[in-house]
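Nothing in this text is a laboratory measurement; each read-out follows from the coordinates by a stated rule. What you see is a predicted model, and the numbers here were worked out from it, not measured in a lab. Every residue, glycine as well, gets a Cβ built from its backbone with ideal geometry; the counts of neighbours run over all protein chains shown.
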Amino acid sequence: PKDENELQHMLYTALQMNQPVAIRYPRSIGVGVPMDEEFKTIETGKAEVIKKGKDVMLLAIGNMVYPTLYASEKLEMYGIKATVVNARFIKPLDREIIAGLAAEIKTVITLEENVLQGGFGSAVLELLTEERLADSVTCRIGIPDEFVEHGKPDIQKRLIGIDKEGIKKTIQEIMSK
């Protein structure tokens, strides 16, 4: 979930399903969004388009959504208009939204707080290949395949470049090529 409000709805949704469900959430406090008074069922496998732009599609999962939104706002100062998607589900992926947007926007960047090999970004690459959209330029931002020293999450994220400033910098570099 992207925040504590979405977490309550994901938990409620999981309880309605008659199958195993895994919900991953970070070891930190929520972002401080207002909480809905009633629980809602989230349609399984449905992403949420948060912001529309024409230059790049940013597909974020979980607690990477808000840093991605921050980066997209800062990128507008450089004339880069981003579509930001809260993927919500890694399995199943929202094939309709991801493939539909990738057909229009040829630069796709995935963002995850997970190792890159075999993660969310890899699943998106597979989806784009299956949909014959491999002509899209797809880049993945996440945890590299190397040892990351134990520590506070904000320090770890900064060190490997997946904090909000690191994300902005990486997207700028990708878009400048």
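Label-to-label distance, LEU11 versus ASP145, with points set 7 angstrom from Cα along the beta-carbon direction: 3.6 nm.
Counting Lys and Arg as +1 and Asp and Glu as -1, what is the net charge of the other residues whose Cβ lies under 13 Å from the Cβ of GLU126?
+2
In region 52-173, Cα pairs under 8 Å separated by at least six residues give a relative contact order of 28 percent. For region 1-71, the Kirkwood estimate of the hydrodynamic radius, built from every pair of different alpha carbons, is 13.6 Å. Beta bridges from DSSP with both residues in the chain: antiparallel share about 15 percent, rounded to the nearest 5. Pick out which of PRO20, PRO153, PRO67 has the largest mean-square fluctuation in a Gaussian network model of the chain, springs linking Cα atoms closer than 10 Å. Looking only at PRO20, PRO153, PRO67, the largest GNM fluctuation is found for PRO20.
Basic side chains Lys and Arg get +1 at the Cβ, acidic Asp and Glu get -1 at the Cβ, and with that the dipole of region 45-99 about its Cα centre reaches some 100 debye. If only the Cβ of Lys and Arg carry +1 and only the Cβ of Asp and Glu carry -1, the dipole of the chain around its Cα centre is close to 340 debye. All distinct Cα pairs of region 2-145 go into the 1/r average, and the inverse of that average, the Kirkwood radius, is 15.8 Å.
Given the pairs LYS2/LYS81; LYS51/LYS106; LYS51/LYS91; LYS81/LYS152; LYS51/LYS169, which are separated by over 27 angstrom at their Cα positions?
Pairs exceeding the cut-off: LYS81/LYS152.
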